[in-house]
Every structure is written in structure tokens, then in C-alpha cells.
Amino acid sequence: MERYYQEDIECASEEQIKAIQNEKLLKQVRHVWENVPYYREKMKEKGLTPDDIQSLDDLHKLPFLSKKDLRDAYPYGLLGVPLKDCVRIQSTSGTTGKRVVAFYTQKDIDLWEECCARAIVAVGGTSDDVCQVSYGYGLFTGGPGLNGGSHKVGCLTIPTSSGNTDRQLMFINDLQATILCCTPSYAAYLGERFKELGYTPEQISLKAGIFGAEAWSEEMRRDIEHTLGIKAYDIYGLTELSGPGVAFECSAQNGMHINEDHFLAEIIDPDTGEVLPEGSQGELVFTSLDKEAFPLLRYRTRDICTLTRGKCSCGRTHVKMAKPKGRSDDMLIIRGVNVFPSQIETVLLNHGYAANYQIIVDRVNNTDTLDVWVEMTPEMFTDNLGEIEQRQKDLVDGLKSMLGLKAKVSLVAPKTIARSEGKAVRVIDRRKI
Ligand code: DLL
């Protein structure tokens with residue numbers, strides 16, 4: 001039987017959700033207008049006042065916010081409450097520029113943790129469960145968010161944070177953990193380590209995993225489910241909007257329900273900013289509906305995906321987002337062809353490899369080159385050069401038919417590509433250096 005953390009809201013009718021969103025949107029716009037001068041100026045530039053926003057239908061009039069605005073307003077320019085009312089910050093790793101610093105009031109944290117609790121209950125979590133949180137703790141939102149959600153559900157929470165892989169396995173075994181929360185790449189690594197130590201999936205106590213914070217393919221889901229003997233569920237979120245739990249997967253495992261009572265989603269054309277009809281692929285844009293400390297209206301995530309509304313077998317009614325294909329800024333343009341790393345991953349996993357690979361893009365004599373380094377699994381490892389060449393050729397053909405591009409594939413020995421404990425860095429683009 002399907003269980004919910006907040007059934008009333010998770011299964012509310014579309015009309016009820018729209019009514020909640022309408023009311024909250026008007027309040028949030030007024031809150032931002034009155035307390036965030038940076039955004040007030042943006043509204044004024046468009047000739048808008050809160051009176052111009054009378055309902056959800058007026059949302060499209062509001063100006064967008066982007067990562068650049070967050071940088072320009074750093075650190076306090078988008079604060080919606082006095083600093084003394086904030087109790088926490090979280091921050092991104094800042095690999096692509098200045099860090100994003102997000103602020104929270106206690107109420108913001110409570111709502112965020114409730115979103116994570118919904119995700120845990122959606123994978124079957126109850127107070128009987130032992131939930132191991134192997135996302136990083138600290139500035140990264142993964143650890144603190146799921147830790148809070150796990151407490152709310154009443155699970156016994158193991159806050160291992162990421163890293164120290166053998167200790168992760170020890171806690172799973174000794175405390176018979178049933179739910180694992182970490183990045184999919186770290187889950188794959190934990191699975192690999194269990195296998196190396198001779199564990200079969202039946203000997204591992206885990207039953208479900210909540211994996212997100214990076215793009216991962218359906219093939220990787222199958223692989224992780226197989227090695228750990230679990231059901232693997234996706235979870236999505238970003239620091240700017242609180243952290244994990246903006247959207248989460250349910251028993252249907254085919255897209256993530258967006259917590260629409262807190263986050264209003266739109267899909268836009270990333271080039272023109274035009275709002276696209278339901279079902280179209282485009283950039284995901286979010287408006288926070290009740291955040292106090294760091295309210296964001298029409299924030300452009302750069303994540304590319306589609307939204308679909310419809311009856312879900314789990315009974316939840318909130319709109320679903322498909323797995324993001326990756327960020328629009330992760331998309332590689334190689335010899336004019338758009339390539340998402342997740343497409344390469346799909347080909348590799350379909351050919352029986354694990355998700356241990358590195359993509360190297362370079363430019364030689366004004367021509368882009370695409371090199372893919374792939375680890376052989378221990379089972380396929382061989383020093384028979386003819387066999388290796390044949391395997392490489394098969395992958396070159398597979399990539400050609402997926403991408404329409406010729407790549408150079410190098411098979412390398414097992415364990416030669418560094419494992420990730422957090423978000424995996426799979427692409428090295430030397431053209432930018
Ligand atoms: O990654 C929050 C999070 C923690 C989500 C734990 C899920 C689990 P940031 O570090 O700010 O926050 O990175 C946000 O990561 O815009 C996406 O590009 C990507 N991302 C997050 N979840 C997914 C997912 C956290 N399930 C950025 N699938 C987002 C694909 C994801 N990409």
C-alpha cells in the first residue's frame with residue numbers, strides 16, 4: 001500500500017494545488033517586492049508592481065533570475081529577511097565560478113526537511129527503517145537535507161557523510177541499514193566494493209536508495225539496483241531553492257513529483273525565454289512559493305528536462321519532471337553536435353561496462369576531438385589485443401549511432417579511473433583551458 005508523508009497535499013486535486021499556488025504566489029511576490037530591493041529594481045525595469053501579478057496567469061510577466069544575478073547580489077543582495085532571522089547557510093561547491101550562498105530561517109529549514117521526508121516515505125521509509133545518509137555533510141545540502149527528512153520520518157539516521165568507503169559498508173552491515181542516500185556514482189562505487197568483498201545482493205540489508213545531485217541514466221539505475229539488490233529512486237534539488245527534495249521519485253520510478261505547494265515550475269526555451277507548453281523539452285525555471293530568507297522568483301536552473309501532468313499509479317498528483325538530461329551548461333558542443341555526457345553513459349552501460357569513464361574533449365588543428373576512456377570490468381579484463389580492439393570498435397560504433405559523431409575509445413584496466421564519493425566529474429574539456 002502506498003504511503004505518504006503529507007497525503008492531503010501530495011494527493012490534492014489539480015484545482016486545490018492551483019489555488020494554493022495562486023495564494024502563495026501573490027504573497028511571495030509582495031514579500032520580495034517589499035524586502036528584496038535587487039528584485040524590486042528588476043520588476044521596476046519591466047514597469048511592474050505587485051498589483052500586476054493577480055494570478056498564476058501573470059507569472060510570465062515577472063523577470064527571470066539567473067546564476068549571474070546571484071553572483072551580482074552576493075552575498076546578501078537577495079536576502080528577504082533581516083540577517084538576525086536567519087539560522088543557517090548552505091553553499092554550492094563553486095566549481096563554475098563564485099559559490100552560491102543560500103540562507104534559511106528556521107521555517108525554511110522545516111519546510112525543506114518536510115520535502116525530504118516526503119521523498120523518504122515515497123520509497124517506503126517508516127520509523128522502522130535505518131537510513132544511512134552518505135551524501136556530504138557541511139556546506140553541501142545533500143547530507144543536512146536528507147538527515148533532517150530522515151529524522152522527521154523517524155528513521156534511525158546514520159550520518160556517515162561521504163567517503164571512507166569501507167566504514168560505509170561496515171555501518172550498513174552492522175546496523176542493517178535499509179535505506180541509502182548518496183550520489184548515484186557513490187552508490188555504484190559502494191556496490192562495486194560490496195561485490196569485491198564477495199557479498200551477493202541478498203546479503204546486503206539495503207532495500208531502497210535515494211540517489212541524486214547529478215545526472216544518471218536508466219542503465220545506471222538498473223546496474224545499481226542489481227548490485228545492491230535494492231530499488232533505486234531519483235531525487236532532485238538545488239542549493240538555491242533549499243537543496244534535495246524539490247522533486248522526488250515515487251514507486252512508479254518514472255519521473256519525479258515536484259513539491260508544487262512549495263515550488264512552481266515552468267519550462268522555457270533557453271534561447272528566447274518563452275514559456276513552452278506542457279510536455280516540451282526546455283530549461284526548468286522555479287519560483288519558490290514560501291521561502292522567507294532566500295525567496296527566488298523565476299530562477300533559471302539551466303537544467304534541461306520536460307514536465308508532465310497526469311494520474312500517477314502512486315496516487316500523487318503533483319507534476320512530474322523527467323530525469324534532467326544534464327545542465328545546459330554541461331552540454332558539450334563537439335564539431336557542432338550537441339552531446340550530453342548522459343548519452344555516452346547510456347551507450348557504455350548498454351555494452352556491459354560500469355559507469356567508470358572519463359570524457360576528454362580537446363581541439364586539435366581547429367577540429368574538436370572526443371576521447372572516451374572506459375574501464376573494463378574485472379570479468380572482461382584481458383590482455384588479448386584483438387579482443388580489446390574489437391570491444392573498442394563496438395563502442396565507437398555504438399557512440400556513432402547515438403551521437404552521430406566519431407569518438408576515440410580507449411579501454412583501460414579495472415580501477416584506473418578515480419571513483420567519486422560525491423558528484424562525479426566525468427568531463428575534461430581542454431578547449432576551455
Ligand atoms: O545537488 C542538491 C541535491 C543533493 C540534490 C542531494 C539531490 C540529492 P547543488 O549542488 O546546488 O544541489 O546542485 C544542483 O545538481 O541544478 C542539477 O544540475 C543537478 N542535480 C541535482 N539533482 C539531480 C538529479 C544539489 N536527480 C544541480 N538528476 C542541479 C540530475 C541533478 N541532476
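Below is a table of values for the structure above.
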{"item": "Answer from L139, L65, L111, L70 - the residue that is assigned by TED's automatic domain parsing to the domain that holds F248 and in contact with a Phe, Trp or Tyr (Cβ under 7 Å, 6 or more places away or on another chain)", "result": "L65"}
{"item": "Filter result for H257 (closer than 28 Å to E23 by Cα, assigned by TED's automatic domain parsing to the domain that holds H31 and within 15 Å of the ligand (Cβ to nearest atom))", "result": "yes"}
{"item": "Qualifying strands (runs of 3 or more DSSP E) (wholly inside the range 329-433; at least 1 residues being at pLDDT below 90, under 26 Å from the mean Cα position of the chain (by Cα) and not hydrophobic (A, V, I, L, M, F, W, C))", "result": "337-339"}
{"item": "Among residues of the range 301-317, those that are more than 10 Å from the ligand (Cβ to nearest atom), without any contact (Cβ under 8 Å) to a residue 60 or more places away in the chain and buried (at least 21 other Cβ atoms within 10 Å of the Cβ), counted", "result": "1"}
{"item": "Which listed residue, of A293, A252, A247, is in contact (Cβ under 8 Å) with a residue 40 or more places away in the chain, in the same structural domain as R99 (by TED's automatic domain parsing) and under 25 Å from I204 (Cα atoms)", "result": "A252"}
{"item": "Residue list for the range 318-336, restricted to those being open to solvent by 40 Å² or more (accessible area, probe 1.4 Å), away from the ligand (no atom under 16 Å from the Cβ) and touching a residue at least 60 places away in the same chain (Cβ under 8 Å)", "result": "R335"}
{"item": "Flag if S205 is open to solvent by 10 Å² or more (accessible area, probe 1.4 Å) and either modelled with pLDDT under 95 or within 22 Å of the chain's Cα centre (by Cα) (or both)", "result": "no"}
{"item": "A119 vs. criteria closer than 25 Å to S342 by Cβ, of a type in the set (A, V, I, L, M) and within 21 Å of the chain's Cα centre (by Cα)", "result": "yes"}
{"item": "Subset of the range 113-160 (residues that are over 21 Å from H257 (Cα atoms) and open to solvent by 30 Å² or more (accessible area, probe 1.4 Å))", "result": "S127, D128, Y137, G138, L139, F140, H151, G154, L156, P159"}
{"item": "2 or more residues away from the ligand (no atom under 14 Å from the Cβ) and free of Cβ contacts under 8 Å to residues at least 24 places away in the same chain: qualifying strands (runs of 3 or more DSSP E) within the range 116-187", "result": "none"}
{"item": "Residues of the range 255-265 classified as touching a residue at least 60 places away in the same chain (Cβ under 8 Å) and out of contact with any helix residue (DSSP H, G or I) (no Cβ under 7 Å at 6 or more places or on another chain), total", "result": "4"}
{"item": "Residue in the range 184-199 that is open to solvent by 50 Å² or more (accessible area, probe 1.4 Å), in the same structural domain as G136 (by TED's automatic domain parsing) and of a type in the set (F, W, Y) present", "result": "yes"}
{"item": "Residue tally, condition hydrophobic (A, V, I, L, M, F, W, C) and part of a loop (DSSP other than H, G, I, E, B), over the range 188-206", "result": "3"}
{"item": "F211 within 11 Å of the ligand (Cβ to nearest atom), surrounded by 24 or more Cβ atoms within 10 Å (Cβ to Cβ) and within 22 Å of L349 (Cα to Cα)", "result": "yes"}
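Rundown of residues vs (1) surrounded by fewer than 21 Cβ atoms within 10 Å (Cβ to Cβ); (2) under 24 Å from G136 (Cβ atoms), yes/no style:
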site: E218; (1), (2): yes, no
site: A252; (1), (2): yes, no
site: F263; (1), (2): no, yes
site: E283; (1), (2): no, no
site: K291; (1), (2): no, yes
site: Y299; (1), (2): no, yes
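The values are calculated or read from the model by the stated rules, or taken from the named source; none is laboratory data. On a predicted model such as this, the values are computed, not experimentally measured, just so you know. Every residue, glycine among them, receives a Cβ derived from its backbone with ideal geometry; neighbour counts consider all protein chains shown. Note: areas computed on protein heavy atoms with side chains; ligands, DNA, RNA excluded. Shrake-Rupley method; radii C 1.70, N 1.55, O 1.52, S 1.80 Å.
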